[in-house]
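Asks: Input: one structure, supplied below.
The values are calculated or read from the model by the stated rules, or taken from the named source; none is laboratory data. Remember, it's a predicted structure, so these values are computed and weren't measured experimentally. Don't worry about glycine lacking a Cβ; one is built from the backbone with ideal geometry, like all the others, and counts go over all protein chains shown.
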Amino acid sequence: MTSVPRSHRAKKVLRAGLAAAGIVLLAACSGPGASNQNENKENTGAAQPGGDLRVAVISHGTAGDAFWNVVKNGATDAGKQLGVTVDYNSDGDPGRQATLIDNAVSQKVGGIVVSMANPDALKSSIESAVKAGIPVITINSGGDKSASFGALAHVGQEESVAGEEAGRKLKAAGKTKLLCVIHEAGNVGLNQRCDGARAGFGGTVTNLQVDINNPTDVESRIKGALQTDPSVDAVLALNPQVAVSSVSAAKGASSKAAVATFDLNADVTEAIKSGDVLFAVDQQQYEQGYLPIVMLKLYRDNANTVGGGKPVFTGPGFVDKSNVDKVAEYAKRGTR
């Protein structure tokens with residue numbers, strides 16, 4: 001065997017020492033909580049940085065609603081990727097939604113994400129969560145009340161701005177008389193959409209109240225409104241399910257009214273492709289589920305905040321024939 005000179009052996013030792021130091025340095029710089037992310041397995045909610053984090057997501061959506069399923073997908077996907085336990089619950093009744101928030105507080109979760117279709121009904125419960133030291137992020141609705149309730153941030157779209165842009169697009173399409181269909185009584189965001197559409201449209205805008213929990217009645221009411229006033233040449237739905245009902249209602253009434261909608265699902269993307277729906281206002285609700293989980297983990301692990309006191313906007317974007325093919329791929333998998 002050939003002997004190795006002492007100088008060569010010394011260089012090998014030096015290189016080995018530098019490599020070991022590099023490994024230690026990389027471990028120290030691998031991000032907040034990376035070295036002990038899995039040490040605590042007790043789901044203690046507000047654990048120390050790097051431990052388990054449990055977040056309660058509480059929406060006002062109804063079970064099986066296509067829109068809120070995408071929000072849920074966003075939250076659960078973020079949880080899986082970041083090692084955060086996500087408990088998703090929803091209730092369309094503001095009183096029961098407030099109870100869900102109170103329950104989350106009593107369970108000492110590490111963060112709460114909540115949509116505020118009826119902010120005043122949730123005010124006390126959200127403020128109690130904040131007083132208990134639980135960070136809250138609001139999503140989707142009620143952004144104008146978020147900061148005053150003590151929430152860290154709001155993630156969503158400005159509904160009146162989105163409505164105004166939708167109204168302008170319908171005006172640019174040559175429409176002059178618009179029916180704006182509100183599917184949930186007491187939902188401030190829906191009224192803001194119609195008010196915005198009225199400002200952007202410039203022509204006559206009439207609101208029609210329906211109950212999304214009764215699809216047959218939804219279609220019947222829209223059909224009746226179009227038959228009563230044949231001069232209505234545009235229908236703005238505020239929900240994908242209502243958009244599909246609006247298309248059927250227009251055909252049943254032998255109306256040539258164009259249908260546009262807020263929000264997406266696979267049925268809406270197919271209707272855009274076929275020309276039955278002119279466009280959809282896309283608020284990218286997957287982000288409304290996903291981003292708050294990221295924000296709460298960053299806040300817990302690194303004291304980061306996002307938005308600087310202003311809402312974090314996820315929309316509006318618009319989906320029409322020019323981009324529907326690409327977006328449709330994601331709608332089918334439940335992320336748009």
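Asks: Picking from Gly196, Gly200, which residue would you name as being in a helix (DSSP H, G or I), more than 22 Å from the chain's Cα centre (by Cα) and modelled with pLDDT of 95 or more?
Replies: Within the list Gly196, Gly200, the selection yields Gly200.
Asks: Please specify each residue of the range 153-179 satisfying the condition of being under 24 Å from Gly74 (Cα atoms), of a type in the set (Asp, Glu) and touching a helix residue (DSSP H, G or I) at 6+ places or on another chain (Cβ under 6 Å).
Replies: The answer is Glu159, and nothing else.
Residue-wise test of (1) among the β-branched types (Val, Ile, Thr); (2) under 19 Å from the mean Cα position of the chain (by Cα).
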residue	(1), (2)
Ser254	no, no
Ala258	no, no
Thr261	yes, yes
Thr269	yes, yes
Ile272	yes, no
Ala280	no, yes
Met295	no, yes
Asp301	no, no
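Asks: Is there a residue in the range 154-177 that is part of a loop (DSSP other than H, G, I, E, B), at negative phi, without any contact (Cβ under 8 Å) to a residue 60 or more places away in the chain and aliphatic (A, V, I, L, M)? Please lay out each step first, then the result.
Replies: Filtering the range 154-177 down to residues part of a loop (DSSP other than H, G, I, E, B) leaves 157-158, 173-176.
Imposing the further condition that a residue be at negative phi reduces the set to 157-158, 173, 175-176.
The next check asks that each one be without any contact (Cβ under 8 Å) to a residue 60 or more places away in the chain; those that pass are 176.
Those left that are additionally aliphatic (A, V, I, L, M): none.
Looking through the range 154-177, none of the residues is part of a loop (DSSP other than H, G, I, E, B), at negative phi, without any contact (Cβ under 8 Å) to a residue 60 or more places away in the chain and aliphatic (A, V, I, L, M).
Asks: Does Tyr330 qualify as being surrounded by fewer than 23 Cβ atoms within 10 Å (Cβ to Cβ) and either at pLDDT 95 or above or touching a helix residue (DSSP H, G or I) at 6+ places or on another chain (Cβ under 6 Å) (or both)?
Replies: No; evaluated as a whole, the condition is false for this residue.
Asks: Out of all the residues in the range 62-88, which are at positive phi and more than 16 Å from the chain's Cα centre (by Cα)?
Replies: Gly83
Asks: Now a separate question. Which numbered condition in (1) modelled with pLDDT under 95; (2) surrounded by fewer than 24 Cβ atoms within 10 Å (Cβ to Cβ); (3) in contact with a helix residue (DSSP H, G or I) (Cβ under 6 Å, 6 or more places away or on another chain) is the only one that Gly150 fails?
Replies: (1)
Asks: Of the conditions (1) over 21 Å from Gly309 (Cα atoms); (2) touching a helix residue (DSSP H, G or I) at 6+ places or on another chain (Cβ under 7 Å); (3) among the hydrophobic types (A, V, I, L, M, F, W, C), Trp68 clears all except one; give me its number.
Replies: If we test Trp68 against (1) over 21 Å from Gly309 (Cα atoms); (2) touching a helix residue (DSSP H, G or I) at 6+ places or on another chain (Cβ under 7 Å); (3) among the hydrophobic types (A, V, I, L, M, F, W, C), just (2) comes out false.
Asks: I've got another one for you. Looking at this structure, is Glu158 over 11 Å from Leu238 (Cα atoms) and acidic (Asp, Glu)?
Replies: Yes.
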